[in-house]
Amino acid sequence: MNATDAPDRPFWSRCAGNTPRDRRNLAHAVWLYLAWTASFSFGTRLLQQGRIPDGLATWTVAALPTVLAVFVVFAFARFLREADELQRAIHGKALAIGVAGTWIAASIYTLAERAGASPADLSDAMLLLAVFYGLGILVVSRRYR
């Protein structure tokens, strides 16, 4: 596939490149991230509502997202380590956009809370990071069309 075909490529190819290994590695990281998201969201709700009996079950529900987060980090690091230079550049710049966007949004919302907005929690910032990172991939990958 040459550069003139790039606008017709699907989003997944833009995110993970054209090699099956890169797509597989990124898919593995994405699936783990989705599992982390589910365990964090459901675990938070279950713990807040007191639906988990005290003891080992409570600590298991609380620890599961942490364990999954470690796997997400290792899976994403593997994707970056095995990806070509272009994909590493795209994802590195997209991560920078994600972190910067989240930092700016969190700073703004912190002031908004002090002005009377309803409080946010850490999961809101993690969602923002994922959204800004995805937008970063779109913005940065356009540069390499």
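Results, tabulated for the structure shown:
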{"read-out": "Filtered residues of the range 43-79 (kept if farther than 20 Å from Trp31 by Cα and touching a Ser or Thr at 6+ places or on another chain (Cβ under 8 Å))", "value": "Leu47, Ile52"}
{"read-out": "Selection from the range 69-109 of residues that are hydroxyl-bearing (Ser, Thr, Tyr) and either within 15 Å of the chain's Cα centre (by Cα) or under 16 Å from Gly134 (Cβ atoms) (or both)", "value": "Thr102"}
{"read-out": "Which listed residue, of Ala96, Ala77, Ala112, Ala105, is within 19 Å of Cys15 (Cβ to Cβ), without any contact (Cβ under 8 Å) to a residue 60 or more places away in the chain and outside the structural domain of Asn25 (by TED's automatic domain parsing)", "value": "Ala96"}
{"read-out": "Pick from the range 67-120, criterion crowded, with 16+ Cβ neighbours inside 10 Å and among the polar types (S, T, N, Q), ranking: modelled with the lowest pLDDT", "value": "Gln87"}
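The values are calculated or read from the model by the stated rules, or taken from the named source; none is laboratory data. Because the structure is a prediction, the values reported are computed rather than measured. Because the Cβ atoms are built from the backbone with ideal geometry, glycine has one as well, and the counts that use them run over all protein chains shown.
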